[in-house]
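Presented below is the structure to which this report refers.
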Amino acid sequence: MSGPAGRLVALEGIDGSGKSTQATILAQRLGALLTYEPGGTELGVAIRALLLDPEHRPSARAEALLMAADRAQHVHEVIEPALAAGRWVVTDRYCGSTLAYQGFGRGLGAPSLHGVLEFATAGVAADLSVLLEVPLELARARTAGSWRDRLERDDDDFHARVAAGYQELVRSDPDRWVVVDGTADVETVADAVHAAVVGRLGRPG
Ligand code: TYD
């Protein structure tokens, strides 16, 4: 007999939205496995370096495929085995990031990416994606001063398209997305994220 099913929760948002902090706290509260993209596996670390190095200039399609390759390995090595063992998994970014950044930000279009994502994940979809909503200016202010990777160096228009893309993803799939205001202090946001996840998915068994 199989045990209780694992669940996959993805934290999503623009750079500086606070999702890495929130993913860490959420995983702790749920007793879930914490992981992230890009770079959640050994192969992924190498792919991440290729992706974020300002020296490289991948085309939009190459960028999408590198993200997808990272995810394929991540699902195979980390996510799927944990879910199969009945664990809950919290991932800092998942398919929503590719749809928002490459689909909307780079203009590839979400529909053209669905097949790639389905292939990369072997159909493992997030049970819930949590969008941490923070105005662009606040996100910018939070990341100011720290080293900025290749994507973070993209112009404001790109990041505005990503932010608008996230809104569109929520609108088009409200059952699989929930929006949490990410502007408050860390504990307040953490409480809201936890409540949203438990409200939608229940508690780990
Ligand atoms: P992330 O590790 O979340 O950034 P940070 O190290 O600043 O917390 O993600 C790195 C960048 O990769 C970020 O700008 C978002 C981007 N990204 C995509 O464009 N598409 C994707 O599918 C993923 C997973 C990330």
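Only the coordinates and a few stated rules stand behind these numbers; no lab work does. Since the model is a prediction, treat every value here as computed from it, not as a measurement. Cβ: placed from backbone, ideal geometry, glycine included. Neighbour counts: every protein chain shown.
Quick notes
- Value of relative contact order over the chain, rounded to a whole percent, pairs C-alpha under 8 Å and six or more apart: 32
- Radius of gyration (Cα atoms) of segment 57-205, expressed as a multiple of 2.2 N^0.38 Å: 1.08.
- Residue-averaged [θ]222 nm for the chain, counting only DSSP H segments that reach four residues, each worth -39500 (n - 2.57): -14500 deg cm²/dmol
- Built amide H within the under 5 Å cut-off of Tyr36, gap 5+: Asp92
- For the listed peptides 178-184, 34-40, a ranking on the average number of other beta carbons within 10 Å per residue, highest first, reads 34-40, 178-184.
- Dipole magnitude of the chain, debye to nearest 20 (Cβ charges: Lys/Arg +1, Asp/Glu -1, about Cα centre): 320
- Segment 1-106 shape via C-alpha gyration tensor axes, a/c threshold 1.5: prolate
- Burial ranking of peptide ranges 187-197, 61-71 (average Cβ count within 10 Å, highest at the top): 61-71, 187-197
- Gyration tensor (alpha-carbon) shape descriptor, segment 121-169, a/c threshold 1.5: prolate
- Cα-centred dipole magnitude for segment 80-199, charges only on beta-carbon of K, R (+1) and D, E (-1), debye, nearest 20: 320
- Whole-angstrom gap from segment 76-128 to segment 26-70, using each part's C-alpha centre: 11
- Highest mean first, the peptides 90-103, 18-31, 41-54 sorted by other C-beta atoms within 10 Å per residue fall in the order 90-103, 18-31, 41-54.
- Rounded to whole numbers, the Karplus 3J(HN,Hα) couplings from phi for segment 160-173 are 5, 5, 4, 4, 5, x, 4, 4, 5, 4, 5, 4, 7, 8 Hz, using 6.51 cos²θ - 1.76 cosθ + 1.60 with θ = phi - 60°, and x at Gly and Pro.
- Positive-end residue, the chain charge dipole about Cα centroid, Cβ charges, pick of Ile14, Val45, Val90: Val90
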